[in-house]
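Everything on this sheet refers to the single structure shown next.
The values are calculated or read from the model by the stated rules, or taken from the named source; none is laboratory data. Quick caveat, the model's predicted, so the values are computed rather than measured. Cβ: placed from backbone, ideal geometry, glycine included. Neighbour counts: every protein chain shown. What goes into the accessible areas is simple: the full protein's heavy atoms, side chains included, and nothing from ligands, DNA or RNA. Shrake-Rupley method; radii C 1.70, N 1.55, O 1.52, S 1.80 Å.
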Amino acid sequence: MTNLQVIQNKIYEIRGRKVMLDRDLAELYLVTTSNLNKAVKRNIKRFPDDFMFQLTKQEFEELRDNLIFQNGTSNWGGTRKLPYAFTEQGLAMLSGLLNSDIAIQVNINIMRAFVYVRQMITDNSPLKRLSTLEKNFNELKQDLEDIFADYNDINEDTRAQIEAINNSIAELQTKHKTLSRRPVGFIKPKE
């Protein structure tokens with residue numbers, strides 16, 4: 001799996017926004033989640049609600065049900081605090097805080113992943129899908145019309161032969177001759 005695919009798999013939709021979670025970002029930046037969150041809290045003015053938000057208990061439970069978080073929240077090995085979610089703008093702001101070479105490269109890849117996801121959404125918009133379906137339907141309709149036209153293009157000799165066969169079958173059905181024959185079995189026929 002390429003770096004771009006790994007990052008795309010870590011983009012979730014929460015509250016109608018495409019976001020990445022603090023845990024996944026810390027893993028990509030090769031820092032601990034607590035250190036990442038400390039850096040954010042030291043610069044909290046840079047992260048308004050539309051850049052970063054903390055998940056609610058219900059949102060966290062839904063993520064846990066989808067196996068994103070295995071242990072839930074607990075003091076014994078699980079996530080101790082509800083995670084933070086960063087929107088694309090929040091990630092851009094985060095790139096200004098983390099200034100290592102790894103952080104810069106990871107941020108470039110994250111921005112590329114968000115752009116790719118956005119392009120996928122616009123390429124699969126309902127209007128584009130409808131026009132594609134309409135185009136495919138028209139091509140299929142034309143193919144069927146061509147097939148039926150070829151099927152109906154039987155020459156006159158073949159039509160006459162088919163007509164003769166149908167007439168012969170009809171005559172055989174009406175003539176229904178019964179042949180006299182000996183019955184099968186041990187009974188002698190009366191003569």
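Could you go through the stretch 66-77 and let me know if any residue there is in a strand (DSSP E or B) and at pLDDT 85 or above.
Scanning the stretch 66-77 turns up no residue that is in a strand (DSSP E or B) and at pLDDT 85 or above.
Quick one: is R17 out of contact with any strand residue (DSSP E or B) (no Cβ under 7 Å at 6 or more places or on another chain), in contact (Cβ under 8 Å) with a residue 60 or more places away in the chain and surrounded by 12 or more Cβ atoms within 10 Å (Cβ to Cβ)? Criteria met by R17. Within the option set E156, E171, E191, being modelled with pLDDT of 75 or more and open to solvent by 80 Å² or more (accessible area, probe 1.4 Å) holds for one residue only, E171. Only one entry of S125, S100, S95 meets the criterion of being small (G, A, S), modelled with pLDDT under 80, under 24 Å from the mean Cα position of the chain (by Cα) and within 30 Å of Q5 (Cβ to Cβ), and that entry is S125. Residues of the stretch 1-27 that are at pLDDT 85 or above and assigned to a helix (DSSP H, G or I): D22, R23, D24, L25, A26, E27.
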